[in-house]
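First up is the structure itself, then whatever we jot down about it.
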Amino acid sequence: MLRLFLLLVVFVACQNNVNAINACSDSSDTKNHVNGGDFEVNADDMTTPSLRIIPKGWNAFGSVILIKNGATPWGDNNSTDGNIFVGIQRGLSAIEQTITGLDPSKHYTLGFLASERKGYGPFELLDVVVNSVTVLAHVNPPDDSFQSYSVPIRSDKDGKVKITFRNTSPLFGGGKFLLDTTIFLDKIEVMLQRDCGKGASCQPNSGDPQNQFTCSCSDPGYTGAEGVNKNAACDNTADDLQTLRSEYEAYKTSAMETITSLENVVSVLRQDLLDVRNDITAVNNNVTSVANDLQEVKTTADTSSASLNNLRELLKTFVTSLIDPVDSNKRTSIEPEIKSTAEGSLVIGLEEGSHVLVNSDPLLPENEIRDLVKSAVEDALKKIGEGF
C-alpha cells in the first residue's frame with residue numbers, strides 16, 4: 001500500500017522502456033537542453049562495468065556511480081537507452097545541473113528514466129527539485145526495469161533552471177540499516193512543451209503517454225476547464241483585476257489630464273471673453289463720443305449754415321442796392337452839363353462812357369463803380385461758397 005501511495009504522488013508513465021519524449025513535447029522543437037543527460041559522453045572513461053566518477057556536465061554530491069547496462073553487481077539493470085546510466089547511492093547523494101537559455105514565458109517538460117537497486121523495496125526514494133522547489137517527492141521506481149517519468153517545469157526570469165536528482169532513501173527501514181539504496185537514472189531531458197494556452201501546462205496521459213495528453217490550468221492564479229488533447233481554457237482573476245485596475249488608472253490619469261487641459265482652455269476663454277467685453281465697452285464709449293462729436297459738428301454746421309444764409313441775404317441786399325440804386329437824376333442827354341447845388345456841390349453831367357479828369361486821373365462814374373463793387377462782391381461770395 002505504501003508503494004502504491006507513493007506512486008500516486010507523481011505523474012508516472014506506465015510503460016517500461018519508453019523514451020522520455022512524450023505527447024507533451026513540442027514536435028517543432030526537439031532540442032534536449034540537458035548537457036550529458038544520456039551519460040554516453042562518459043563512454044571513453046568506462047573501462048569497467050561501473051565507475052565512481054562525476055558524470056560530465058553534472059555536479060555530484062555524495063556517492064555517484066556510472067554503470068554499464070547489464071552490470072551484475074548492480075542487478076543486471078538495462079535502461080535500453082544507450083549503454084550507460086548513473087547510480088545515486090545512499091540517502092542525500094545527488095546530481096545537479098543548471099540549464100540556461102530557456103524562454104521564461106514557456107513551459108518545458110523534464111523527463112527521465114528511473115529504476116532502483118534490487119532488494120530494498122519501498123525504501124528507495126527519489127526527489128526531483130527544480131529551482132529549489134520539489135516537483136516530484138519520494139518517487140519509488142521499480143527495481144526490474146526503467147520507467148519513464150515527466151513533469152512540467154519553467155525557468156526563472158533569467159531563463160535559468162537548476163535541476164537536482166536526490167536520493168532521499170532513509171538510512172534505516174524494515175528493521176535494518178539501508179546502506180546501499182541506489183536510484184538509477186538515464187535519458188534526462190528538458191524539452192520545450194507544447195503550448196496548452198495561457199496559464200496552462202501539459203501532462204501526458206498515463207495510459208498512452210506517447211499519444212494522449214491533458215492541458216490543465218497550472219500557473220498560479222489560473223483556473224478553468226482542462227482540455228484533453230487540446231488547449232485548456234484558463235483565466236486568472238487576479239491578472240484580470242490587475243489589468244482592469246491598470247486600465248482604470250490609465251483612464252483616470254488620462255481623464256484628469258483632459259480635465260486639467262479643459263480647465264486651462266476654459267480659463268483662457270473666460271479671460272478672452274472679459275477682454276472682448278472690455279473691448280466692446282471701449283467701442284461703445286468711442287461710438288458715444290463720436291456721436292456726441294457728430295452732434296456738435298451738426299449743431300455747428302446748422303449754426304454756420306444759418307449764419308451763411310443770413311450773410312448771403314445781407315450781401316444780396318447790399319449788392320442789389322449797389323446794382324439797382326434809385327437815381328432820379330439819371331441823364332439821358334449826351335451833352336455835358338455842369339451845375340451846382342444849394343449845398344455847394346458841383347454836379348457834372350457827361351455822356352455815357354465819358355469821364356472827368358482830375359489832375360489827369362479819371363473820375364469813375366456811378367455805374368462803373370457799381371460794376372466794380374458787384375464784381376468784387378461776386379468774387380467774395382464765390383470764395384465763401386467754396387469754403388463751405
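The values are calculated or read from the model by the stated rules, or taken from the named source; none is laboratory data. These numbers come from a predicted model, not from an experiment. Cβ atoms come from the backbone with ideal geometry, glycine included; neighbour counts cover every protein chain shown. Ligands, DNA and RNA are excluded from the accessible area calculation, which covers all protein heavy atoms including side chains. Shrake-Rupley method; radii C 1.70, N 1.55, O 1.52, S 1.80 Å.
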Subset of the range 89-111, residues farther than 28 Å from Ala23 by Cα, buried (at least 19 other Cβ atoms within 10 Å of the Cβ) and under 55 Å from the mean Cα position of the chain (by Cα), comes to Ser93, Ala94
Give me a count of the residues in the range 153-177 that are surrounded by fewer than 18 Cβ atoms within 10 Å (Cβ to Cβ) and of a type outside the set (Asp, Glu).
-> 12
Can you find even one residue in the range 127-148 that is at negative phi, assigned to a loop (DSSP other than H, G, I, E, B), open to solvent by 20 Å² or more (accessible area, probe 1.4 Å) and among the aromatic types (Phe, Trp, Tyr)?
-> no
Tell me, yes or no, whether the range 146-156 has at least one residue that is without any contact (Cβ under 8 Å) to a residue 60 or more places away in the chain and over 51 Å from the mean Cα position of the chain (by Cα).
-> no
For the range 113-133, state whether one or more residues are within 26 Å of Lys68 (Cα to Cα), under 51 Å from the mean Cα position of the chain (by Cα) and in contact (Cβ under 8 Å) with a residue 60 or more places away in the chain.
-> yes
Might you check whether a residue that is modelled with pLDDT of 90 or more and in contact with a strand residue (DSSP E or B) (Cβ under 8 Å, 6 or more places away or on another chain) occurs anywhere in the range 170-177?
-> yes
When you look at Thr48, is it among the hydroxyl-bearing types (Ser, Thr, Tyr) and either assigned to a loop (DSSP other than H, G, I, E, B) or farther than 28 Å from Gln210 by Cβ (or both), yes or no?
-> yes
For Tyr222, work out the one condition from (1) open to solvent by 60 Å² or more (accessible area, probe 1.4 Å); (2) modelled with pLDDT of 85 or more; (3) among the aromatic types (Phe, Trp, Tyr) it doesn't fulfil.
-> (1)
With respect to Lys56, is the statement that it is in contact with a helix residue (DSSP H, G or I) (Cβ under 8 Å, 6 or more places away or on another chain) and either of a type outside the set (A, V, I, L, M) or modelled with pLDDT of 95 or more (or both) true?
-> yes
Within the range 295-337, restricting attention to residues that are farther than 27 Å from Lys382 by Cα and either at pLDDT 70 or above or among the small types (Gly, Ala, Ser) (or both), which residue is nearest to the chain's Cα centre (by Cα)?
-> Gln295
Answer with yes or no whether Glu257 is over 30 Å from Pro220 (Cα atoms) and either among the small types (Gly, Ala, Ser) or open to solvent by 80 Å² or more (accessible area, probe 1.4 Å) (or both).
-> yes
From the list Val34, Val86, which residue is of a type in the set (A, V, I, L, M), more than 14 Å from Val161 (Cβ to Cβ), open to solvent by less than 20 Å² (accessible area, probe 1.4 Å) and in contact (Cβ under 8 Å) with a residue 40 or more places away in the chain?
-> Val86
Qualifying residues in the range 199-216 (those that are in a loop (DSSP other than H, G, I, E, B) and over 23 Å from His33 (Cβ atoms)) - the one most open to solvent (accessible area, probe 1.4 Å) = Asn211
Going through the range 42-75 one residue at a time, which ones are open to solvent by 60 Å² or more (accessible area, probe 1.4 Å) and touching a Lys or Arg at 6+ places or on another chain (Cβ under 9 Å)?
-> Pro49, Phe61, Gly62
